[in-house]
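J.: Got a structure here, written out as structure tokens. Questions coming.
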Amino acid sequence: MSSPAPSLRVPPAAIDPQSRPVPPLGGFTAAVVAIEIRRVLRNRRTVIFTIVVPVLFFLLFGLNSSYATNRVGEGNESAFIMISMALYGAVLATASGGAMVSVERLLGWSRQLRITPLTPPAYIAIKMVTSLVLGLGAVLAVYAVGLLTHKPTMPAAIWVETGAALWIGSLLFSAFGLFVGYLLPSENVMQLIGFSLMLFSFGGGLFIPLSQFSHPLRVLATYTPLYGLNQLVHYPLVQGAFDWTWAANLLAWLVIFTAGAIWRFRKDTARV
Amino acid sequence: MAAIELTGVHKRFGAVQAVRGIDLWVEPGEVVAFLGPNGAGKTTTIDMVLGLSEPTSGKVSVYGMAPKDAVRRGLVSAVMQTGGLLKDLTVAETIAYTAHLFPRSRPPTEVMARAGITEISGRLVGKCSGGEQQRLRFAMALLPDPLLLLLDEPTQGMDVEGRRSFWAAIRHDADAGRTIVFATHYLEEADAYADRVVLVRRGEIVADGTASEVKALASGRTVRATLADPDEAALRSIPGVDRVEVRGSSVVVHCADSDTVARYLLTETAAKDLEVAALGLEDAFVALTGDDSRLSPVADPGSGR
């Protein structure tokens, strides 16, 4: 081991510390989002569950000739099921993205990020945008397969409207993923997210029409978190009377998930 | 302006008083070792300098500003003991990720070269050894070109070769004039790489000086003899005597020159059962920082006591 040689050292440059800039947008950059997207796409399980599975579900349930061509509002039953499956993929993407925040906290990566200029809101925004891109992949994949099979029919504008609505609406589940992740931080949180979303999907009528449920179950289902969003994103196709309870359901769950995530986040940082 | 200025800093976690009154002034360009046993409060102090936690009382400033602002401006960065890495990113992606968080950063190829990880840039982080991951953290810390670099037990768990190459990289970097503060419980590391050693024990600074000053403080010998009623003033007047302790019927003299003390005791007094013991560096370190310090007040801790 060598001994220190102070004489060799260059005197520190006179730098005005205040002259160093703070990043705009709290450190949020497209380049970081791009790395996150590459990372998500590298995870085969995520890609299978959010993109491949919804496509398979559509192929399984959306093409059945006994009902696929039945008329529904401005289109047909196949289009209705396609929208449901795209929504399922999109919410799986955003919920997983939210839960990643707690997984990375567990790994100590968030602590590493705390000695960079990245602010917590910018970090969460990076996760949300990344999961929106993954969700867009799910929507485009399901809709593209729908187009190729020629089964779903609805006016072109409604393809775009429903696709955009469910894609943006899926952001509700970023808050859900954040909340669950902070509530039960573990590397197994993804399984829990997958299982809850499966239940919510049944409750929301994504997999089985709610009309096939018994009356008490049907009433209960209208209070579940995917119910309002699912009804709203189908509205351009189904048309008819607009029910304000759909919007109320969506807003209520948005408030619950967001408040829950903020509550846990505060508790969590207070402890450190 | 100080690189780091701590004034009366205390940190309490529930019933545990982790830091009990630290005052510290680090000049820009200094290489300071924060030396102490586990649980001395080193990591707690570093966390406060990084703005990861707030002091219970007292003030922390880094280049004249709050630690969080200094971090946001990339003035201070760190290689932390506990900072995790993403296993599913490659080394180069981890560097790129971090680089994009700063408005200005050194080129990724440059920091990877300086940390000696260019050859493994394409490797997944999960496949890197502990030493390689530590050099990756060092490369990440270099990205903002910080004025102050903090290293918390940076060579923990590394093999000899990893440790050597890690320190070679750090030393090379320090020569460029960066302020470096590192925590360690290896005395040799503090001795070999720091200009200044700050010894901490149970949340307090117990010694602060150049490596050789602290070594001198910690070296020397003790002469023990059985002697009733010794002349303490006469003993203290012998050149090289640091301290004289009277314990019942025996006297213990801490000194640099044991021969003179022994000669005095045996010729001028009625001392018997004389023992001369050398204090190794490691023993001295334990003595200085251990919970049941065998050496009572060893040095002026500056202030804060």
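The values are calculated or read from the model by the stated rules, or taken from the named source; none is laboratory data. Bear in mind that the values here come from a model prediction, so they are computed numbers and not experimental data. Neighbour counts run over all protein chains shown; Cβ positions are idealised from the backbone, glycine included. Note: areas computed on protein heavy atoms with side chains; ligands, DNA, RNA excluded. Shrake-Rupley method; radii C 1.70, N 1.55, O 1.52, S 1.80 Å.
J.: Give the long-range amide H neighbours of B:VAL19: residues separated by 5 or more places, or on another chain, with amide H under 5 Å away, using H modelled in the peptide plane at 1.01 Å from N.
T.: B:LYS11
J.: While we're here: What residues in region A:84-120 lose 30 Å² or more of accessible surface when the other protein chains are added to their chain alone (1.4 Å probe)?
T.: Hits at the 30 Å² cut-off: A:LEU107, A:TRP109, A:ARG111, A:GLN112, A:ARG114, A:ILE115, A:THR116, A:PRO117.
J.: Specify the residue with the greatest mean-square fluctuation among B:GLY248, B:GLY116, B:GLY131, computed from a Gaussian network of chain B linking alpha-carbon atoms under 10 Å apart.
T.: In this elastic network of chain B, the residue with the biggest mean-square fluctuation among B:GLY248, B:GLY116, B:GLY131 is B:GLY248.
J.: For labels at B:GLU213 and B:THR109 in the simple 7 Å Cα→Cβ model, what's the distance in nm?
T.: Going by the 7 Å Cα→Cβ label model, 4.5 nm.
J.: Residue by residue, what Karplus-based ³J(HN,Hα) values in Hz, rounded to whole numbers, does region A:222-228 have, using 6.51, -1.76 and 1.60 with θ = phi - 60° and x for Gly and Pro?
T.: With coefficients 6.51, -1.76 and 1.60, one gets 5, 9, 7, x, 9, 4, x Hz.
J.: Can you give me the orientation-averaged projected area of the convex hull built on the Cα atoms of region A:39-152, in nm²?
T.: If I average the Cα hull's projected area over directions, I get 8.1 nm².
J.: Quick one: compute the contact order of chain A, relative version, from alpha carbon pairs under 8 angstrom and 6+ residues apart, as a percent.
T.: RCO, chain A: 23 percent.
J.: What total accessible area, in Å², is buried where chains B and A meet, using a 1.4 Å probe and rounding to the nearest 100?
T.: What B and A bury together is about 4300 Å².
J.: Same structure again: ³J(HN,Hα) across region A:83-99 via Karplus (A = 6.51, B = -1.76, C = 1.60, θ = phi - 60°), whole Hz, x for Gly/Pro?
T.: 4, 4, 5, 5, 5, 4, x, 5, 6, 4, 5, 6, 5, 5, x, x, 5
J.: If you take every DSSP beta bridge whose two residues both sit in chain B, what share of them, in percent to the nearest 5, is antiparallel? Show your work: numbers first, answer last.
T.: On the way: 38 of 56 bridges.
If we restrict to bridges inside chain B, about 70 percent are antiparallel.
J.: Taking chain B as the reference, fit the longest principal axis to its C-alpha atoms, fit the long axis of helix B:160-174 to the helix C-alpha atoms, and give the angle between the two in degrees, 0 to 90, nearest 10.
T.: 80 degrees
J.: When the dipole is taken about the Cα centre of region A:70-163, and only Lys, Arg (+1) and Asp, Glu (-1) are charged at their Cβ, what size is it in debye, to the nearest 20?
T.: Rounded to the nearest 20 debye, it is 380 debye.
J.: Determine the per residue accessible area of chain B with all protein chains present and a 1.4 angstrom probe, expressed in square angstrom.
T.: 41 Å²
J.: Quick one: which of A:LYS267/B:LYS68; A:LYS151/B:LYS87; B:LYS11/B:LYS127; A:LYS267/B:LYS59 span more than 32 angstrom between C-alpha atoms?
T.: Beyond 32 Å: A:LYS151/B:LYS87; B:LYS11/B:LYS127.
J.: With an 8 Å Cα cut-off and a minimum separation of 6 or more residues, compute the relative contact order for region A:110-236 in percent. Display every interim value, and only then the final one.
T.: Working: 57 pairs, mean separation 29.7, N = 127.
Here the relative contact order equals 23 percent.
J.: Under 1.5 on a/c is rounded, so check that first for the protein assembly as shown, then, if it is not, pick prolate when a/b is larger than b/c and oblate when it is not; a ≥ b ≥ c are the square roots of the alpha carbon gyration tensor eigenvalues. Spell out each step's value before the answer.
T.: Working: a/c = 3.51, a/b = 2.79, b/c = 1.26.
Verdict is prolate for the protein assembly as shown.
J.: Which order, highest average first, do B:44-56, A:217-229, B:135-147 follow once you tally other Cβ atoms within 10 Å for each residue and take the mean per peptide?
T.: Result, highest mean first: B:135-147, B:44-56, A:217-229.
J.: Tell me, what HN-Hα J-couplings in whole Hz come from the Karplus equation 6.51 cos²θ - 1.76 cosθ + 1.60 at θ = phi - 60° for each residue of region A:241-256, using x for Gly and Pro?
T.: So the J values, rounded to whole Hz, are 6, 8, 9, 5, 5, 4, 5, 5, 4, 4, 5, 4, 5, 4, 5, 4.
J.: About the Cα centre, and with charges only on the beta carbon of Lys, Arg (+1) and Asp, Glu (-1), how big is the dipole of chain B? Nearest 20 debye, please.
T.: 980 debye
J.: Separate question: For the protein assembly as shown, what is the percent of antiparallel DSSP beta bridges, rounded to the nearest 5?
T.: Of all bridge pairs located within the protein assembly as shown, approximately 70 percent are antiparallel.
J.: Based on the alpha-carbon gyration tensor of region B:74-176 and its eigenvalue square roots a ≥ b ≥ c, which shape applies: rounded if a/c is under 1.5, prolate if not and a/b is larger than b/c, or oblate?
T.: Judged from the Cα gyration tensor, region B:74-176 comes out rounded (a/c under 1.5).
J.: Compare A:THR130, A:THR258 by solvent-accessible area with a 1.4 Å probe and give them largest first, with all protein chains kept in place.
T.: A:THR258, A:THR130
J.: Express the relative contact order of chain B as a whole percentage, based on alpha carbon pairs under 8 Å and six or more residues apart in sequence.
T.: Answer for chain B is 20 percent.
J.: Taking the Cα-to-Cβ direction at A:ALA156 and at A:ASP16 and moving 7 Å from each Cα, how far apart do the two end points lie in nm?
T.: If labels sit at A:ALA156 and A:ASP16, their model points lie 5.8 nm apart.
J.: Would you grab the residues whose amide H sits under 5 Å from the one on B:VAL206? Only those 5+ places off in sequence or on another chain, please, with H modelled 1.01 Å from N.
T.: Under 5 Å from the amide H of B:VAL206: B:LEU199, B:VAL200, B:ARG201.
J.: Sticking with this structure for a sec: How much accessible area per residue does chain A have, counting only protein heavy atoms and a probe of 1.4 Å, in square angstrom?
T.: The answer is 48 Å² per residue.
J.: Further question: With a/c under 1.5 counting as rounded, go ahead and sort region B:1-127 into rounded, prolate or oblate using the C-alpha gyration tensor (a ≥ b ≥ c being the square roots of the eigenvalues; past the cut-off, prolate if a/b is larger than b/c, else oblate).
T.: Taking the square roots of the gyration eigenvalues as a ≥ b ≥ c, region B:1-127 is prolate.
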